[in-house]
1. Please work out the C-alpha center-to-center distance from the stretch 7-49 to the stretch 69-114 and express it in whole Å.
2. At a probe radius of 1.4 Å, what is the per-residue accessible area of SER69, in Å² to the nearest 10?
3. Take the chain, mark every one of the trypsin sites (Lys or Arg not before Pro) that falls in a DSSP loop and has at most 14 other Cβ within 10 Å, then report the longest stretch left between them, sites excluded.
4. Enumerate the calculated ³J(HN,Hα) couplings along the stretch 86-102 in order (Karplus 6.51 cos²θ - 1.76 cosθ + 1.60, θ = phi - 60°), each rounded to whole Hz, writing x wherever the residue is Gly or Pro.
5. Roughly what percent of Cα-Cα pairs across the stretch 1-67 reach past 16 Å?
6. Assigning unit charges at the beta carbon (Lys, Arg +1; Asp, Glu -1) and nothing else, what dipole magnitude in debye, to the nearest 20, does the chain show about its Cα centre?
7. Just to be sure I follow: if Rg is taken over the C-alpha atoms of the chain and Rh is the Kirkwood radius over the same atoms, what is Rg/Rh?
8. Residues with amide H under 5 Å of PHE66's amide H, sequence separation 5 or more or different chain, H placed in the peptide plane at 1.01 Å from N; which?
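The values are calculated or read from the model by the stated rules, or taken from the named source; none is laboratory data. Bear in mind the structure is a predicted one, so any value in this text is a computation, not a measurement. Cβ placement follows ideal geometry from the backbone for every residue including glycine, while neighbour counts extend to all protein chains displayed. What goes into the accessible areas is simple: the full protein's heavy atoms, side chains included, and nothing from ligands, DNA or RNA. Shrake-Rupley method; radii C 1.70, N 1.55, O 1.52, S 1.80 Å.
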Amino acid sequence: VQLQACGGGLVQAGGCLRLSCKISGSIFMLNDMGWFRQAPGKKRELVATYTNGLNTNYADSVKGRFTISRDNSKKTIYLQMNSLKPEDTADYYCTGSLFSIDYWGQGTLVTVSS
């Protein structure tokens with residue numbers, strides 16, 4: 001099982017980006033899929049996840065600005081990021097689990113300039 005994340009880039013503060021994460025190597029959609037991020041010198045932190053199916057959970061710092069979504073037919077999840085702030089700068093990672101195994105994609109870098 002592999003997760004391929006893309007969509008990062010450089011954007012000015014106030015701008016938007018949409019990240020995508022596509023699953024390959026599995027006929028199943030993964031469980032509890034979501035996004036984490038890690039800024040330089042900081043610990044990896046939760047951004048947004050699905051829990052118990054379609055329930056969503058967001059970090060307080062992104063509520064109202066970021067939206068997680070999914071397309072099961074494409075085995076892909078998305079993270080729409082609006083009103084980006086310099087503090088959103090980080091490597092963003094997608095994750096999911098299947099049969100109690102956690103899978104992580106490679107990071108996609110989001111840089112927000114002030």
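1. Centre-to-centre (Cα) distance: 1 Å.
2. Roughly 50 Å² of SER69 is accessible to a 1.4 Å probe.
3. That would be 64-114.
4. In residue order, the calculated couplings are x, 6, 7, 4, 4, 7, 9, 10, 9, 8, x, 10, 8, 6, 6, 10, 8 Hz.
5. That tail contains 59 percent of the Cα-Cα pairs.
6. Dipole magnitude for the chain comes out near 140 debye.
7. Over the Cα atoms of the chain, Rg/Rh equals 0.95.
8. Under 5 Å from the amide H of PHE66: ASN82.
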